[in-house]
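**Q** After the structure tokens below, expect a handful of questions from me.
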């Protein structure tokens, strides 16, 4: 680390926590970055098509593959997610996600940079051992947004006792994204029921779908829309590969969570084994094209 740019308050506190690390600390007021250029060496111009970092695919359907993520792809993603999540100045994102994961890096850290909002970052290991720490941080800092996989909702329900969070206030927590693994309605229901007595808004849970090859997000539910649940006949889904509507909660009825519309600059289609487009409610392969795809 050569240079840290931060607020005046943080600039005073940082030296004590840097452990002797030699670097420049430049304090700037909010909105004062315009005057920063003379304080820094000449930086080469960065083009949108240049590599920002290498990211590995999840390995869900094969071996992990390193893919190139460009600066342009990152900025298009953060802009799209900022809009879909309804992020505004004054919001606070609370996260325990590791930064070696695309949702932790792009959807949390980099979004906070580009949207200009506060990030409260918890250690992933500490959160696993102490799931109550997430809710305590939301209450303490007025957290508005959190992104996490479905297992985390179950972990909070199982691992947090009433005495652990007595007095917490979750009324500010308006956008909790469930993504990065299959989304289960029962997990969302149990989470909402357990924590609504602490002020959790009724429609706080949202959904998205993505993959590393598209930087992170592919489709993303709009923050203003309610969670969409599609109930389908499970047997017909398995035997005919069609999502036939069925009565909510009926025997043999399977709830499938909608993940919103494709983000700006991304197009989706469902195709069969021959590469032909399939009509609505047919199971097939997801294909996409867009401006956030990996660069190689």
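**Q** From the list 82, 88, which one is modelled with pLDDT of 95 or more and part of a loop (DSSP other than H, G, I, E, B)?
**A** Only one candidate qualifies: 88.
**Q** Exactly one condition in (1) out of contact with any strand residue (DSSP E or B) (no Cβ under 7 Å at 6 or more places or on another chain); (2) crowded, with 20+ Cβ neighbours inside 10 Å; (3) in a loop (DSSP other than H, G, I, E, B) is not met by residue 139; state its number.
**A** Exception for residue 139: condition (3).
**Q** Further question on the same structure: Search the range 67-82 for residues being touching a strand residue (DSSP E or B) at 6+ places or on another chain (Cβ under 9 Å) and over 16 Å from residue 50 (Cα atoms), and hand back the single one that is surrounded by the fewest Cβ atoms within 10 Å (Cβ to Cβ).
**A** Once the filter is applied, the top-ranked residue is 80.
**Q** Sticking with this structure for a sec: Being closer than 23 Å to residue 185 by Cα and surrounded by 18 or more Cβ atoms within 10 Å (Cβ to Cβ): is that true of residue 85 here?
**A** Answer is yes for this residue.
For (1) surrounded by fewer than 21 Cβ atoms within 10 Å (Cβ to Cβ); (2) farther than 21 Å from residue 215 by Cα; (3) without any contact (Cβ under 8 Å) to a residue 40 or more places away in the chain, each residue gets a yes or a no:
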residue	(1), (2), (3)
113	yes, no, yes
120	yes, yes, yes
123	yes, yes, yes
132	yes, yes, yes
135	no, yes, no
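**Q** Tell me which of these residue 29 doesn't satisfy, since it passes every other one: (1) modelled with pLDDT of 70 or more; (2) farther than 29 Å from residue 102 by Cα; (3) in a helix (DSSP H, G or I).
**A** (3)
**Q** From the list 163, 193, 181, which residue is surrounded by fewer than 16 Cβ atoms within 10 Å (Cβ to Cβ), at pLDDT below 95 and in the same structural domain as residue 219 (by TED's automatic domain parsing)?
**A** 181 is the lone residue from the list that is surrounded by fewer than 16 Cβ atoms within 10 Å (Cβ to Cβ), at pLDDT below 95 and in the same structural domain as residue 219 (by TED's automatic domain parsing).
**Q** Condition first: part of a loop (DSSP other than H, G, I, E, B) and touching a helix residue (DSSP H, G or I) at 6+ places or on another chain (Cβ under 6 Å). Now tell me which residues in the range 195-228 satisfy that.
**A** Passing the criteria: 215, 216, 222, 223.
**Q** Among the residues of the range 152-183, what is the count of those that are in a loop (DSSP other than H, G, I, E, B), closer than 18 Å to residue 229 by Cβ and in contact (Cβ under 8 Å) with a residue 60 or more places away in the chain?
**A** So the answer is 2.
The values are calculated or read from the model by the stated rules, or taken from the named source; none is laboratory data. Here the structure is a predicted model, which is why all the values come from computation and not from measurement. As a convention, Cβ positions derive from the backbone with ideal geometry for all residues, glycine included, and neighbour counts pool all protein chains shown.
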